[in-house]
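**Q** What follows is a structure written as structure tokens; I'll ask about it next.
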Amino acid sequence: MSSKIISELRALVGKSHVVDHATDMAPHLVDWRKRHRGDAICIVSPQSTGQVAAVLSYCRANRVRVFPQGGNTSVCGGSVPAVDGVNIILSLGKMNRILDVNPRNNAMTVEAGCILADIQAAASAVDRLFPLSLGAEGSCQIGGNIATNAGGTNVVRFGNTRDLILGIEVALPDGRIWNGLRTLRKNNSGYDLKNLFIGAEGTLGVVTAATLKLFPKPHSVATAMLGLSTVEAAVDEGLRLQGVFPGELVGLELISRSEFEISLRHGTNMRNPFGNDTPQWMVLVELASPERGDGLTERLNEVLGAAYERGAFEDVVIAATEQQRHELWRIRHNVTEANGREGMGLTHDIAVPTYLIPTFIERAGVALGKQYPQATPVIVGHMGDGNLHYIAMFTHAYWATVTDKAEFQRALSHVLYDISAELGGTFSAEHGIGSLHVDEMRIYKDAVEVALMKQIKCLFDPDNMMNPGRVLPA
Ligand SMILES: Cc1cc2nc3c(=O)[nH]c(=O)nc-3n(C[C@H](O)[C@H](O)[C@H](O)COP(=O)(O)OP(=O)(O)OC[C@H]3O[C@@H](n4cnc5c(N)ncnc54)[C@H](O)[C@@H]3O)c2cc1C
């Protein structure tokens, strides 16, 4: 049965674009953090939208389940297939052409398999900025970013992926192609289908191409890291800076001392900008402007100098060179890898209204301390968006003693999600649902909302062939 499907898929996309050898398939069957594993009969890598549509049409007719895969950097089990059923991985990696760059229209059209860093570089080459930026940008693909409505470090100024997309092209589960590759800034002509596919995590169709918004390239950048003794002070100062530098503040990241030390401990050639006196909380601030010689660093210096005199924070490091800026950001970008080396980190991607961040951290700390005293709270987040990655870190030795790991994780996570819900927050701010949070959809989302989502799913994919078991509870 499998060999018949594989040879028929080869007839559609070419022999060398369907792989079924265990060694070639292995990296696609496990996620980036090696926490989720799945199974598939083969990996299909189409080279055109027409081929994607043909594969989807074939799979629907033959009841083969399709799991689209981009850069496989999902951190919620979204990118690997299920373990059961007749599955294929549909890899977009070979559809990686930049189709058009139009600086006069501040727009760029790309295939879905383009790596995010390549898109940023292509924009930069024409003196423009594509502002989506995240730690996985060297591997993740724009199709995956669109499917997950990825966030990252520039959301405070430019919004999520959704805000950066002008148009998309989608291959539908029934084999039709919707070409919505428009470059318009306004288009009130009926339902906004584009936004239905953005964030749908490949459950409604396969994004095959997209038209992206470009912005003026920054020519002045100013970066500082503040050291503070309380998270209240960190949030107060962050909110104040947003008001002082509207339009220029592009990054506002919060890092707890525990996270900061883990990042330094597991990084190579990294040094502590605060010497041996690490504050309890760090806030990484970045301003950017398209103007050259804008005096941005001087203005930031002045504003932070006055705040320091007032006692708004304990310490501050302002990057004097690009190298120093790079070193400050490296501490932030290294956290995911460093956490993996440190121990078993149970990560939570919550968001609450920004001013309630201290309340969440206080309540979560108390609850964990009581119920999970072995956990160290490790916190890093996109503070300007109210988004915290709250990690309950356990030593490998302790984690080895936990018998029912899935149940342990579920129970701990729900302690934190309950607190987030009480504060009007969410259990998934930017990473999506994947296979990991399907249960939370049932528990924390409004029942009417989930029912409507199921109706939409049924309209596009009545046989549940696209990414089954992801996003929506059964
Ligand atoms: C070090 C690190 C840092 C990260 N930082 C951030 C961060 O700051 N912000 C953030 O939001 N995320 C972050 N992530 C998570 C991850 O990088 C994002 O979710 C990213 O958008 C996934 O892109 P991908 O190409 O790797 O998609 P994959 O992981 O391959 O897939 C993710 C989901 O999208 C679907 N999909 C992929 N391509 C398509 C397509 N063309 N059409 C339809 N569906 C598709 C898949 O089926 C899956 O459901 C980080 C991950 C790592 C490893």
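The values are calculated or read from the model by the stated rules, or taken from the named source; none is laboratory data. Here the structure is a predicted model, which means the values were calculated and not measured. Cβ atoms come from the backbone with ideal geometry, glycine included; neighbour counts cover every protein chain shown. For the accessible areas, the whole protein counts, side chains as well, though only heavy atoms, and no ligand, DNA or RNA atoms are used. Shrake-Rupley method; radii C 1.70, N 1.55, O 1.52, S 1.80 Å.
**Q** Considering only segment 424-438, how many residues are among the hydroxyl-bearing types (Ser, Thr, Tyr) and within 11 Å of the ligand (Cβ to nearest atom)?
**A** Going residue by residue through segment 424-438, those that are among the hydroxyl-bearing types (Ser, Thr, Tyr) are 426, 428, 435.
Imposing the further condition that a residue be within 11 Å of the ligand (Cβ to nearest atom) reduces the set to 428, 435.
Number satisfying all stated conditions: 2.
**Q** Could you give me the residue pairs with C-beta distances under 6 Å whose first residue belongs to segment 59-79 and is closer than 19 Å to Phe197 by Cβ and near the ligand (Cβ under 6 Å from one of its atoms), whose second residue is of a type in the set (A, V, I, L, M) and part of a loop (DSSP other than H, G, I, E, B) wherever it lies, and which are 6+ apart or on separate chains?
**A** Final answer for the pair search is Gly70/Leu92.
**Q** So, of the residues in segment 202-219 that are open to solvent by 10 Å² or more (accessible area, probe 1.4 Å) and away from the ligand (no atom under 14 Å from the Cβ), which turns out to be farthest from Ser435 (Cα to Cα)?
**A** This residue is His219.
**Q** Something else now. Could you count how many residues in segment 1-54 are exposed (fewer than 15 other Cβ atoms within 10 Å of the Cβ), in contact (Cβ under 8 Å) with a residue 60 or more places away in the chain and not small (Gly, Ala, Ser)?
**A** Looking only at that region, the number is 1.
**Q** Report yes if Tyr398 is within 16 Å of the ligand (Cβ to nearest atom), among the aromatic types (Phe, Trp, Tyr), open to solvent by less than 70 Å² (accessible area, probe 1.4 Å) and within 19 Å of Pro373 (Cβ to Cβ), otherwise no.
**A** Values: within 16 Å of the ligand (Cβ to nearest atom): no; among the aromatic types (Phe, Trp, Tyr): yes; open to solvent by less than 70 Å² (accessible area, probe 1.4 Å): yes; within 19 Å of Pro373 (Cβ to Cβ): yes.
When the stated conditions are applied, Tyr398 does not pass them.
**Q** If you don't mind, another one. Checking the condition surrounded by 21 or more Cβ atoms within 10 Å (Cβ to Cβ) and not assigned by TED's automatic domain parsing to the domain that holds Gln141, which residue from Val86, Val80 passes?
**A** Values: Val86 fails: surrounded by 21 or more Cβ atoms within 10 Å (Cβ to Cβ).
It is Val80.
**Q** Among Val438, Val402, Val352, which is the only one that is aliphatic (A, V, I, L, M) and under 22 Å from Arg257 (Cβ atoms)? Write out each step before concluding.
**A** Details: Val438 fails: under 22 Å from Arg257 (Cβ atoms); Val402 fails: under 22 Å from Arg257 (Cβ atoms).
None of the other options fit; the residue is Val352.
**Q** Still on this structure: Quick one: is Ser420 away from the ligand (no atom under 14 Å from the Cβ) and open to solvent by less than 60 Å² (accessible area, probe 1.4 Å)? Let's see the steps before the verdict.
**A** Details: away from the ligand (no atom under 14 Å from the Cβ): yes; open to solvent by less than 60 Å² (accessible area, probe 1.4 Å): yes.
Taking the combined requirement at face value, the residue satisfies it.
**Q** Output the number of residues of segment 64-82 satisfying the condition of being closer than 21 Å to Gly151 by Cβ and not in a strand (DSSP E or B).
**A** Within segment 64-82, the subset closer than 21 Å to Gly151 by Cβ is 68-79.
Keeping just the survivors that are not in a strand (DSSP E or B) gives 70-79.
Residues meeting the conditions: 10.
**Q** Determine, yes or no, whether Pro81 is under 12 Å from Val206 (Cβ atoms) and in contact with a helix residue (DSSP H, G or I) (Cβ under 9 Å, 6 or more places away or on another chain). Walk me through how you get there before you give the answer.
**A** On the way: under 12 Å from Val206 (Cβ atoms): no; in contact with a helix residue (DSSP H, G or I) (Cβ under 9 Å, 6 or more places away or on another chain): yes.
The answer is no for Pro81.
**Q** Is at least one residue of segment 282-296 part of a helix (DSSP H, G or I) and assigned by TED's automatic domain parsing to the domain that holds Ser229? It would help to see each step written out before you state the result.
**A** Let us first name the residues in segment 282-296 that are part of a helix (DSSP H, G or I), namely 296.
The next check asks that each one be assigned by TED's automatic domain parsing to the domain that holds Ser229; those that pass are 296.
The answer is yes; a qualifying residue exists.
**Q** Residue check: is Val231 open to solvent by less than 40 Å² (accessible area, probe 1.4 Å), within 16 Å of the ligand (Cβ to nearest atom) and among the β-branched types (Val, Ile, Thr)? Quick ask: steps written out before the conclusion?
**A** Values: open to solvent by less than 40 Å² (accessible area, probe 1.4 Å): yes; within 16 Å of the ligand (Cβ to nearest atom): no; among the β-branched types (Val, Ile, Thr): yes.
For Val231, the condition - open to solvent by less than 40 Å² (accessible area, probe 1.4 Å), within 16 Å of the ligand (Cβ to nearest atom) and among the β-branched types (Val, Ile, Thr) - is not met.
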